[in-house]
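All remarks here apply to the structure that follows.
The values are calculated or read from the model by the stated rules, or taken from the named source; none is laboratory data. In this text the structure is predicted, and so the values were computed from the model without any measurement. Cβ coordinates were reconstructed from backbone atoms using ideal geometry, including for glycine residues, and neighbour counts include every protein chain displayed. The accessibility values were calculated without ligands, DNA or RNA, using every heavy atom of the protein model including side chains. Shrake-Rupley method; radii C 1.70, N 1.55, O 1.52, S 1.80 Å.
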Amino acid sequence: MDPALFRAILGTVIALVCLGLAARRGQVLFGIIKKSGRPTPDRPESPMASTIVETQSVEVLGQKKLLAWTVPGIAHAFAFWGFLVLGITVVEAFGEIYMENWYFPIIGTWPFILFIEDLFAVLVLVGIVVFAIIRLRNNPAKQGRYSRFFGSHTGAAWIVLGMIFLVVFTLITYRGAKINNFGGMEGAFFSHWAAGILEPLGHTANEWIESVFVIAHVTVILVFLLIVLHSKHMHVATAPLNVMFSRRPNALGPLLPIYYNDGQPLNFEDPPEDAAFGVGRIEDFKWKDLLDLATCTECGRCQSQCPAWATDKPLSPKLMIMDLRDHLFAEAPYLLATAAKGNRDEFGEHNEEVAAKMSATVTHELERPLVGSREGDEHKSTDGYDANGHRSHEGPVIDEDALWSCTTCGACVQQCPVDIEHIDHFVDMRRHMVMLESDFPAELGGMFKNVEQKGNPWGMNASMRNDWIQEVDFDIRVFGMEGEDEIPDDVEYLFWVGCAGAYEDRAKATTKAVAELLHTAGVEFMVLGEGETCTGDPARRAGNEFLFQMQAMQNVEVLNEIKAKKIVVTCPHCLNTVGREYPQLGGNYEVVHHSQLLASLLSDKKLTPVKAVSEDVTYHDPCYLGRHNKIYVPPRELVASVPGVNLIEMEKSVEKSFCCGAGGARMWMEETIGERVNVERTDQALATGASKIAVACPFCNVMINDGTTVRKQEGKADESVEVVDIASLLLESVKE
Ligand code: SF4
Ligand code: SF4
């Protein structure tokens, strides 16, 4: 048979079969994700043009988040950009099935283009060699849970690396033979190198090699497409969509309210009957959440940064996402069958009629609770996974110990190259456990009760909120004391003291230091005193959205009534909640952290540090100040402004800072599994050799102080090591 006829017939058959299968798979994926998930009212169905351009140019084409990890980032960029450039050669290969010596129109024969194509073919090979080395060096079989690939599908990853090699190998081989058959292709240096190897085989052999390898090339690409659509490499198709629909600028900072299907935040006073109070089943997730699950690349960047995973808790953000995704796909036949008519009956249960027609595997999956105890599960080792990082498909999909281990530090969200919104999903599952199942760590019950009845998590009396005022030797203006019903015009800032700042001794020291510095700088401020109550942050992070809404509505009402405009806080959690979550309830204020205000007073020369503090100081970035609110510089300016201070950075700092362990309402929970997060962070601070550990959050203050005490008792820390808030450090220097 004529080689040209052979490749035309075979190429057509292969292309039709593979493209048909790919189209069918695309349809199934659309059904599972878009049709099975609840509406996603918190973002537009059609993103704005500026969002599309920004996400696709910066994150997808620019590979911004991937390049944050230099070596794997460059390797991925080589592979990604390579495939974009080689798109020209893919079109050519399909054309070559029917037309000999065919080139991409106009540019296909330009030597510069041919050079770039071959250059990227080489760079793709470099990329996969780097990937192979990274995978061998991070081999989970040797490193166990400390490999970022622990629990990832490593076999599939090796298959894909092999497929990428085959794409380049078949391309260069057919192009080498093509050069021998037809000449030309100046600039294609790699293909000419292959031509030199193939030339001695003679004309007829080169004709057959060209035909066979062009077919092989097209086949490899089409099979690769099918592998992509059936594996974790689905991200090739879904990642551009996922980043386009992700929360902008990211899913850090505020949590989203619970939305009802009509796009409005859920009205807790009169909720509709079919309202979802969080996520109790996979189909309670919104479609964007399901897209997140399908997009995970299993790269393990999140897992490698998670403080819970690093301290031997059963929580890995990657494995949580993978477990949810596996469950989603295992339930897919049921979800697809019920997508059009609703997946629940009138009682909110699974549609029994449809479920009865499913296979035993699907029915079994439908019966699994989404969250629950895996105690007694033979696959539950100390870390919740068997030696290979795999779960059994028995029992709950998510281990409750994993769910409650999250500190909501945001390291996973920060690191994820495809913008997966882990915290939102975990809090949604907590919401269901708290508000519908009443199944949560017992200690949280006390915190909820205290916030609800006393307005603070410690259960202290409101009258004690002003106790700290007796401990300073200057006057503090308390709202209402002089009969005012609005904040007076001469008051620049309302000082939101916060529950910790009012009741917790170490945090009270910060409150007093900030007040004294503001007083020294001549800033007029006022406090709310007994009018303050908990912002609701710990309740919200623990999943008690109802309690958060109550607290937040009360505070917004008060703040709006007294016409608060500028608010200064010492607690990053208050900063985040009052500044970024209260706008969801109509409370819009200019909220600053004390580090920002004090840094501006320093630059305006209203504060002058004079006394030298000749010590090595390291600074711990609080998650809700740094990662969640991007305030990294002002606290460092404060520390550096003190004469004599030598600021030493910890290895994990700024965006890669390690949580103190208190966030996500973990402050009020026992920590019985693994190492203590606060002690681990204290060790990282002690490793710098600093004699002072500077903090900028009352909860970090407590946690690192406790960690330091533990290490001192064990003789692992010098008695002179001290934990200080940046305000106290500054005050020490400002005071003569
Ligand atoms: S938010 Fe922090 S603790 Fe929670 S899963 Fe992500 S990295 Fe881990
Ligand atoms: S960083 Fe994102 S893509 Fe990578 S494993 Fe974690 S969730 Fe998946």
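Worth a mention:
- Amide hydrogen proximity for residue 38: with H placed 1.01 Å from N in the peptide plane, the residues at 5 or more positions away or on another chain lying under 5 Å are 285, 286, 287.
- DSSP-loop GluC sites (Glu not before Pro) across region 134-240, with at most 15 other Cβ within 10 angstrom: 186
- Of 142/313; 508/735; 142/656; 65/142; 606/692, pairs whose Cα-Cα distance is over 22 Å: 142/656; 65/142; 606/692
- Applying 1/(1 + (r/R0)^6) with r as the Cβ-Cβ distance of residue 463 and residue 357 and R0 = 51 angstrom yields a FRET efficiency of 0.20.
- Computed [θ] at 222 nm, helices only, for the chain once each DSSP H run of length n ≥ 4 contributes -39500 (n - 2.57): -15000 deg cm²/dmol
- Value of Rg/Rh across region 616-734 [Cα atoms, Kirkwood radius]: 0.95
- Taken about its Cα centre, the chain carries a charge dipole of about 2180 debye when Lys and Arg each add +1 at the Cβ and Asp and Glu each add -1 at the Cβ.
- Convex hull volume of the chain per residue (C-alpha atoms, cubic angstrom): 192
- Nearest-ten-degree value, helix 317-330 long axis tilted from longest Cα axis of the chain: 50
- Charging the Cβ of each Asp and Glu at -1 and of each Lys and Arg at +1, and nothing else, the dipole of region 616-734 about its Cα centre rounds to 300 debye.
- 3J(HN,Hα) along region 418-431: 10, 6, 6, 9, 3, 4, 4, 5, 5, 5, 4, 6, 4, 4 Hz, from the Karplus curve 6.51 cos²θ - 1.76 cosθ + 1.60 with θ = phi - 60°, whole Hz, x for Gly and Pro.
- For the pair residue 9 and residue 670, the difference between a 0.36 nm per residue extended length and the Cα-Cα distance amounts to 231.2 nm.
- Of 609, 644, 674, farthest towards positive along the dipole that unit charges on Lys, Arg, Asp, Glu beta carbons give region 605-678: 609
- Reducing region 66-119 and region 433-475 to their Cα centroids gives an inter-centroid distance of 61 Å.
- At R0 = 41 Å, FRET efficiency that the Cβ-Cβ distance of residue 712 and residue 136 yields, to 0.05: 0.45
- Accessible carbon and sulfur surface of the chain relative to its total accessible area, %, 1.4 Å: 58
- Residue (of 511, 587, 447) at the positive-pole extreme of region 443-603, dipole from beta-carbon charges: 447
- Degrees separating the helix 111-137 axis from the principal Cα axis of the chain, which is the longest one: 60
- The length gained on full extension between residue 129 and residue 630, counted as 0.36 nm times the residue separation minus their Cα-Cα distance, comes to 176.8 nm.
- Where chymotrypsin sites (Phe, Trp or Tyr not before Pro) fall in DSSP loop in region 291-361, at most 16 other Cβ within 10 Å: 347
- Region 546-671: C-alpha gyration tensor shape, a/c 1.5 cut-off, then a/b vs b/c: oblate
- Separation of alpha-carbon centers, region 537-582 and region 695-720, rounded to whole Å: 29
- Helix 189-198 and the long axis of the chain differ in direction by around 40°, with both axes built from C-alpha atoms.
- Estimated vicinal HN-Hα couplings, Hz - region 613-624 in sequence order (Karplus 6.51, -1.76, 1.60; Gly, Pro = x): 10, 7, 9, 7, 10, 10, 10, 9, 6, x, 4, 7
- The length gained by stretching the chain between residue 654 and residue 186 to full extension, at 0.36 nm per residue less their Cα-Cα distance, is 163.5 nm.
- Rounded accessible area per residue of the chain, 1.4 Å, Å²: 40
- The chain - percent relative contact order, Cα under 8 Å, separation 6 or more: 12
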